[in-house]
Amino acid sequence: MRIAASIEYAGQNFSGWQKQPRVKTIQGELEKAIFSITNQNIGTTAAGRTDSGVHALGQVIHFDTKLKRSMHSWVKGINAFLPESIRVKWAVEVSDDFHARFSAKQREYQYLLLNQPINSAIMRQNCGWTFYNLNIDLIKKSLLKFKGKHDFNAFRSSECQAKSSVRTISKICVKQHKEYFLFTFVADAFLQHQIRNMLGTILKVGYGAMDVSRIDLLLKQNDRRLVPATFSPNGLYLTNIRYDSHWGLPKSNNKININL
């Protein structure tokens, strides 16, 4: 039996999603919790491998098991052995050909940015921060440069193992509410550090340190060394993974609300 599940987590105290020796990871904690209720070593596969410090409102995973129990029991049982910063939101039985990563059609991330002279003591691990005065009109112009199908080789990590660096961004936008900026990125898939590298460039345009036309050149030159530094992971959230309806997964519309 194959089970798909949605996972929410605060990533600040973990070394990313992927299980690694001698460090605490989301996947590692999740598989330990599954072992606690099954006494079996059951591996999990995620839709995307978030980096250290990155959060998720709607990560999707799958795992295989021969154990029979209700989906409610899976959710309640796994959560009982997870740290409070990780929660299973739902679980459903799916067909054996469902794959959390390869069946996904779109990934959506949001980035919450605080723009004020002093960083917040309360929000500092839940949002990015810059003290530069940002011009939202310049930011919107820079976002348009990234929309569509491009080779994002210059905007990925040097450790990225993806065979192709071509990705299609179908939606990229920003909203401002007082001192907060909320960015939304939707694509077929993202490269390692792609969003944070794009954001470093977007913000440079936003405070006037780079002309927006420079982005065209960076995409064309395909050289990571020419792109501004990778921005903070603190404000990055994996919000939604989209699948075809025939898989029967619950519809998700997770959003960061900055109007509170």
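The values are calculated or read from the model by the stated rules, or taken from the named source; none is laboratory data. These figures come from a predicted structure and were not determined experimentally. Reconstructed Cβ throughout: ideal geometry from the backbone, glycine too, with neighbour counts over all protein chains shown. Protein only, heavy atoms only, side chains kept; ligands, DNA and RNA dropped before computing areas. Shrake-Rupley method; radii C 1.70, N 1.55, O 1.52, S 1.80 Å.
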Sequence order, region 150-160: Karplus ³J(HN,Hα) from phi using 6.51 cos²θ - 1.76 cosθ + 1.60, θ = phi - 60°, Hz rounded, Gly and Pro as x, gives 9, 8, 9, 4, 6, 10, 10, 5, 5, 8, 4
Using a ≥ b ≥ c from the Cα gyration tensor of region 107-186 (square roots of the eigenvalues), is it rounded, prolate or oblate, where a/c under 1.5 gives rounded and otherwise the larger of a/b and b/c decides, a/b for prolate?
prolate
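Can you work out the FRET efficiency for the pair residue 207 and residue 13, with r the C-beta to C-beta distance and R0 = 35 Å, to the nearest 0.05?
The computed FRET efficiency comes out at 0.70.
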Taking only protein heavy atoms and a 1.4 Å probe, what accessible area per residue, in Å², does region 135-260 have with all protein chains in place?
51
Quick query: amide H of residue 89 versus all other amide H atoms, modeled in the peptide plane; which residues come in under 5 Å with a sequence gap of 5 or more or a different chain?
6, 7, 8
Region 186-196 - phi-based ³J(HN,Hα) in whole Hz, Karplus 6.51/-1.76/1.60, Gly and Pro as x:
10, 8, 5, 6, 10, 7, 4, 6, 4, 5, 5
Quick one: longest stretch of the chain between exposed loop GluC sites (Glu not before Pro), exposed meaning at most 14 other C-beta atoms within 10 Å and loop per DSSP?
1-83
Using θ = phi - 60° and the Karplus form 6.51 cos²θ - 1.76 cosθ + 1.60, what ³J(HN,Hα) does each residue of region 32-41 get, whole Hz, x for Gly and Pro?
5, 5, 5, 4, 5, 9, 10, 6, 9, 7
Long-range amide H partners of residue 173, meaning residues 5 or more apart or on another chain whose placed amide H is closer than 5 Å, are 184
Ratio of Rg to Rh for the chain, alpha carbon only, Kirkwood?
0.99
Can you list residues from other chains, or at least 5 along the same chain, whose modelled amide H is less than 5 Å from the amide H of residue 81?
none
Region 189-206 versus region 225-240: alpha-carbon centroid distance in Å
6
So how much slack lies between residue 68 and residue 178, counting 0.36 nm per residue of separation and subtracting their Cα-Cα distance, in nm?
34.6 nm
Multiply the residue separation of residue 39 and residue 229 by 0.36 nm, subtract the distance between their alpha-carbon atoms, and state the gained length in nm to one decimal.
64.0 nm
Once both label points are put 7 Å beyond Cα along the C-beta direction, the residue 171-residue 136 separation in nm becomes 1.8
